[in-house]
Structures are given as structure tokens and as C-alpha cells.
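The values are calculated or read from the model by the stated rules, or taken from the named source; none is laboratory data. Just so it is clear, the model here is predicted, and its values are computed rather than measured. Positions of Cβ are generated from backbone atoms using ideal geometry, with glycine treated the same way; all protein chains shown enter the neighbour counts. Areas reflect the complete protein model, heavy atoms only, side chains present, ligands, DNA and RNA absent. Shrake-Rupley method; radii C 1.70, N 1.55, O 1.52, S 1.80 Å.
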Amino acid sequence: SRFETCWPALMKDSHGVIIIFNPELPSHLKEIEMWYSCFVQQQPLLDSQCLLVAHHKPGSAGDTENLCLAYPLNKLKLIHSNLEEDPEDVRMEFMKYFKGIITLMNESREREEMSIIS
């Protein structure tokens with residue numbers, strides 16, 4: 001992609017990655033493997049620092065049950081967003097995700113401080 005030269009700047013000091021994709025586009029399913037590889041595995045971030053969002057457009061069939069992602073994507077937290085039907089659900093999942101990221105950040109800061117003290 002033409003933005004690849006910007007990726008290192010985007011990744012620098014990042015604490016989390018949210019990958020939003022259209023589950024009805026087969027090309028997207030291939031692309032998210034690349035995004036995961038570049039932005040999560042190579043950083044390296046924990047899988048818990050990555051959130052996958054399958055976004056269903058208004059009026060799409062939105063078959064949320066049968067989206068089978070291959071390894072290693074199937075280890076990640078996956079939420080389905082369909083803002084027509086249940087925006088509150090999506091909001092709750094985002095809040096849980098952000099709380100998890102903040103907890104991780106606090107733990108790593110505490111570890112750093114302890115290593116400085118000792």
C-alpha cells in the first residue's frame with residue numbers, strides 16, 4: 001500500500017491496534033492477516049492488545065454467526081458492529097477493550113518503576 005512508509009511512525013509507542021473490516025469482502029479477510037502480522041506480531045504486541053471489528057453495513061445480511069477466521073486471527077477478540085441494530089453493545093465492548101489496554105499500560109509502568117528502584 002502507498003502508506004507503508006508511514007507505518008513505523010504509526011506503530012511507534014502504540015499500545016493497541018483495532019482492525020475494522022468488512023466481513024463480506026473476501027479481500028478484507030486476507031488483508032487483516034497482513035495488518036495483524038505488521039501491526040501486532042512484529043511490534044510485538046499481545047493478542048489482548050488487538051481488537052477485530054467486523055463491521056456490517058446497513059442493510060447487509062450480516063451473518064454474524066458463521067464468520068470463521070483462520071489461525072492466528074481466531075485467537076483475537078472479535079466483535080460485530082452493526083450500528084443500526086445495537087450500538088450500545090459495541091460501545092460496551094470498546095470500553096472493555098480500552099480498560100484492558102489501560103490496565104496493561106499501568107502494569108508495565110509499575111514494572112519499569114520497580115526495576116528502577118531495585
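For residue 44, work out the one condition from (1) open to solvent by less than 100 Å² (accessible area, probe 1.4 Å); (2) under 14 Å from the mean Cα position of the chain (by Cα) it doesn't fulfil.
Residue 44 satisfies all of (1) open to solvent by less than 100 Å² (accessible area, probe 1.4 Å); (2) under 14 Å from the mean Cα position of the chain (by Cα) except (1).
Exactly one of (1) loosely packed, with under 12 Cβ neighbours inside 10 Å; (2) acidic (Asp, Glu); (3) modelled with pLDDT of 85 or more is unmet by residue 89. Its number?
For residue 89, the failing item is (1).
May I ask you to verify whether residue 66 is at pLDDT 90 or above and not in a strand (DSSP E or B)?
Working: at pLDDT 90 or above: no; not in a strand (DSSP E or B): yes.
In short, no.
With the requirement that a residue be assigned to a helix (DSSP H, G or I) and open to solvent by 50 Å² or more (accessible area, probe 1.4 Å), what does the stretch 47-63 give you? Walk me through how you get there before you give the answer.
Residues of the stretch 47-63 assigned to a helix (DSSP H, G or I): 47-49.
Once the filter is applied, which keeps residues that are assigned to a helix (DSSP H, G or I) and open to solvent by 50 Å² or more (accessible area, probe 1.4 Å), the stretch 47-63 yields only 48.
Open to solvent by less than 60 Å² (accessible area, probe 1.4 Å), among the acidic types (Asp, Glu) and not in a loop (DSSP other than H, G, I, E, B), is that true of residue 110?
On the way: open to solvent by less than 60 Å² (accessible area, probe 1.4 Å): no; among the acidic types (Asp, Glu): yes; not in a loop (DSSP other than H, G, I, E, B): yes.
Spelling it out, it is not the case that residue 110 is open to solvent by less than 60 Å² (accessible area, probe 1.4 Å), among the acidic types (Asp, Glu) and not in a loop (DSSP other than H, G, I, E, B).
Quick check on the stretch 1-34: of everything there that is assigned to a helix (DSSP H, G or I) and under 22 Å from residue 82 (Cβ atoms), which residue is modelled with the highest pLDDT? Walk me through it before giving the result.
Taking the stretch 1-34 first, the residues assigned to a helix (DSSP H, G or I) are 4-11, 26-34.
Narrowing the set further to residues that are under 22 Å from residue 82 (Cβ atoms) leaves 26-29, 31-32.
Numbers: 26: 85, 27: 89, 28: 88, 29: 84, 31: 91, 32: 94.
Looking at residues that are assigned to a helix (DSSP H, G or I) and under 22 Å from residue 82 (Cβ atoms), I get 32.
Only one of (1) out of contact with any helix residue (DSSP H, G or I) (no Cβ under 8 Å at 6 or more places or on another chain); (2) open to solvent by 90 Å² or more (accessible area, probe 1.4 Å) is not met by residue 68, so which one is it?
In the conditions (1) out of contact with any helix residue (DSSP H, G or I) (no Cβ under 8 Å at 6 or more places or on another chain); (2) open to solvent by 90 Å² or more (accessible area, probe 1.4 Å), residue 68 misses (1) alone.
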